[in-house]
Amino acid sequence: TGLFQGGDAYQIDMENNAVAAATVDVFSFLTGRVAGLIVNASTNPPSIKYRDGTPSLYLNEMLVDAVAMQSVTVSDIAYIKIIKPPFFGGGSNGSAGAIAVYTKKGKNNNDAAFRGLDKKKLAGYTITREFYSPDYENNPSLKTERDIRTTLYWNPFVLLGPKNRTVLLHFFNNDFTQKFRIDIQGMNDEGKLICIQKVVP
């Protein structure tokens, strides 16, 4: 859900994986299975490197350390997602991607990460909305309806680097906007979050 949904990632269905049942822990299972992911499960704590950085670890979308992740019984795992860098939900470690492990329904190993702490469940929900952007150039018939969109362009994967410092973005305007508010959120090459807002005519 949320930041964990979609994106460029390796996805592994553990419930239908014959090899998983014979594996000691999740790190042993991942060893040699994902390009660029280097795992040393014999150290304490386990050492995980992904493309020269240390990825964030999430158990049921809760941030945990390597020891807590290693304690999860492999037979209780339903799904693993290895998110390629950058992962914008990982804070300063997001530049190295993330490993998200989901347990089977009714199985929850979050206790390993929070022993000795008070816990309380709060009711909540996440609403998933798909971004819509009409293509008037290839579908002129769409222009028959009034365009009242308030968000004109959204792209979560605009990557810049030494060889591509600028990027050209194309979008269609609505039927009433004359000034545009630009909201840029992301992360620099040092893993620091950035937020820029500007109104342009």
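The values are calculated or read from the model by the stated rules, or taken from the named source; none is laboratory data. The shown structure was predicted, so the numbers you read here are calculated from the model rather than taken from an experiment. With ideal geometry, Cβ positions are generated from the backbone for all residues, glycine too; neighbour counts draw on all protein chains shown.
Here are the numbers for this structure:
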quantity: Candidate set: segment 3-20, residues that are of a type in the set (A, V, I, L, M, F, W, C), under 15 Å from Ile77 (Cβ atoms) and surrounded by 10 or more Cβ atoms within 10 Å (Cβ to Cβ); chosen: the one nearest to the chain's Cα centre (by Cα); calculated: Ile12
quantity: First in segment 175-198 and more than 25 Å from Pro85 (Cβ to Cβ), second anywhere and of a type in the set (A, V, I, L, M, F, W, C) and in a strand (DSSP E or B), Cβ under 6 Å, 6 or more apart; calculated: Lys179/Val199; Phe180/Val200; Arg181/Val199; Lys198/Ile182
quantity: Within segment 132-152, considering residues that are over 18 Å from Arg181 (Cα atoms) and among the polar types (S, T, N, Q), the one surrounded by the most Cβ atoms within 10 Å (Cβ to Cβ); calculated: Asn139
quantity: Residues within segment 82-109 that are of a type in the set (Ser, Thr, Tyr) and modelled with pLDDT under 70, tallied; calculated: 1
quantity: Selected residue (only one of Val34, Val64, Val24, Val39 is at pLDDT 90 or above and over 23 Å from Leu160 (Cα atoms)); calculated: Val64
quantity: All positions within segment 153-199 that are outside any loop (DSSP other than H, G, I, E, B), surrounded by 11 or more Cβ atoms within 10 Å (Cβ to Cβ) and touching a Gly at 6+ places or on another chain (Cβ under 7 Å); calculated: Met187
